[in-house]
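Have a look at the structure below, then the notes.
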Amino acid sequence: MFIEPSLSGERRGWIEVICGSMFSGKTEELIRRLKRVQIASLRMEIFKPATDIRYDEARIVSHDENAMHSTSVDNSQTILLLGQQADVVAIDEAQFFDAELPTVCNLLARQGIRVIVAGLDMDYRGQPFGPMPALLALADYVTKLHAICVKCGSIATFSYRKSSHTDTVLLGEKDLYEPRCRHCYYEKQ
């Protein structure tokens, strides 16, 4: 991403959203962008929801096991408090945060902070997930990633749940979920 020029010399913030189904590489893309932030020697803060302890309690971790240290937080207001001094604020698994996350991201961006958010755009039912629709609407840049359908090899945009649990949030990996294309998702083989 580029830094928007400013005639007055003030920092200009913006919001980037990385979205897609499970196994599409969202966290991997987030980590790739954050490595570039490190190269540029910018101050960054990385946050994840305290409820997501699948891989690690203190790091964001991709399915390929790339990782970066992060701060686990219980709510989006904590991100606002802890991210004030950063040049870049990154948020992983955004779908698990409260409804205030879009407001928090907008406030940070208005303070001149680059905000990079990664999360599932749809839940296992194929419905918009948590604060993601509002974040997508506010975003200056959106990157939608795709997985590969495990049934037919086509582009997958859905996260199919292999279990009968009906809670919207059910933490799991390949044991509980698989990526599927629209056709195979609705076919539910």
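Measuring from a point 7 Å past the Cα of residue 82 along Cα-to-C-beta, which residues in the range 32-47 have an amide N at less than 15 Å?
Counting backbone N atoms under 15 Å from the label point, the list is 44-47.
If a/c stays under 1.5 just call it rounded; otherwise compare a/b with b/c (prolate if a/b is bigger, oblate if not). Do that for the range 62-124, with a ≥ b ≥ c from the square roots of the Cα gyration tensor eigenvalues.
oblate
Each residue of the range 18-31 in order: what ³J(HN,Hα) in whole Hz does its phi give by Karplus 6.51 cos²θ - 1.76 cosθ + 1.60, θ = phi - 60°, with x for Gly and Pro?
10, 9, x, 7, 5, 6, 9, x, 4, 5, 4, 5, 4, 4
Take the Cβ-Cβ distance between residue 38 and residue 176 as r, set R0 to 25 Å, and report the resulting FRET efficiency rounded to the nearest 0.05.
0.15
Residues with amide H under 5 Å of residue 156's amide H, sequence separation 5 or more or different chain, H placed in the peptide plane at 1.01 Å from N; which?
147, 148, 149
Computed from the coordinates by the stated procedures, all read-outs in this text should not be read as laboratory data. As the structure is a computational prediction, the values presented were derived from the model and not from experiment. A quick note on method: Cβ atoms are made from the backbone with ideal geometry, for glycine too, and the neighbour counts reach across all protein chains shown.
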